[in-house]
1. What value, in deg cm²/dmol to 500, does the helix sum -39500 (n - 2.57) over DSSP H runs of n ≥ 4 give at 222 nm once divided by the residues of the chain?
2. Karplus couplings for the stretch 58-72 from phi (6.51 cos²θ - 1.76 cosθ + 1.60, θ = phi - 60°), rounded to Hz, Gly and Pro as x?
3. What is the local net charge at T42, summed over the other residues whose Cβ is closer than 12 Å to its Cβ (Lys, Arg +1; Asp, Glu -1)?
4. Out of the chain, which trypsin sites (Lys or Arg not before Pro) are coil in DSSP terms and have no more than 16 other C-beta atoms within 10 Å?
5. What translational diffusion coefficient, to the nearest whole µm²/s, does the chain have by Stokes-Einstein, given a Kirkwood radius computed over alpha-carbon pairs, a temperature of 37 °C and 0.692 mPa s viscosity?
6. Mind checking which of I38, I55, I26 has the largest fluctuation in a GNM of the chain, springs on alpha carbons under 10 Å?
7. Once the piece of chain linking A48 and E64 is laid out straight, how much longer is it, given 0.36 nm per residue of separation minus the C-alpha distance between them?
8. What whole-number value in Å² describes the accessible area per residue of the chain for a 1.4 Å probe?
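The values are calculated or read from the model by the stated rules, or taken from the named source; none is laboratory data. Worth saying up front: this structure is predicted, and the values here are computed from it rather than measured. Every residue, glycine among them, receives a Cβ derived from its backbone with ideal geometry; neighbour counts consider all protein chains shown. Just so you know, the surface numbers come from the protein's heavy atoms only, side chains and all, with ligands and any DNA or RNA stripped out. Shrake-Rupley method; radii C 1.70, N 1.55, O 1.52, S 1.80 Å.
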Amino acid sequence: MITIPNEMIRASAGTGKTYQLTNRFIKLLLCGLPAERIIALTFTRKAAGEFFEGILTKLAKAAEKPAEARKLAAEIGME
């Protein structure tokens, strides 16, 4: 299993936190970390929903289209 250090992302609204968090979550999964061992904290239920939706959307697009899978792999540094 690849070791990825813990990370805290703090930034203002609209700066790409959801993008970073979703990519990191997917990368951790691909590196073999079980989903139940990954913690992502947000301040609102809305943000948590956007985070969850973002993960599902990225994975669905990657599963549907090889070009999207390659794009996601490049975004998370696993080309």
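1. Details: 3 runs with 44 residues, N = 79.
Roughly -18000 deg cm²/dmol at 222 nm, from the helical runs in the chain.
2. For the stretch 58-72, the Karplus-derived couplings read 4, 5, 5, 4, 5, 6, 7, 10, x, 5, 5, 5, 5, 4, 5 Hz, x marking Gly and Pro.
3. Here the charged neighbours net out to +3.
4. Here the sparse-neighbourhood loop sites are R10.
5. Translational diffusion coefficient: 247 µm²/s.
6. Evaluated over the chain, the most mobile residue of the options is I38.
7. Working: separation 16, 0.36 × 16 = 5.76 nm, distance 2.44 nm.
The span from A48 to E64 would gain 3.3 nm if fully extended.
8. Working: 6160 Å² over 79 residues.
For the chain, the per-residue accessible area is 78 Å².
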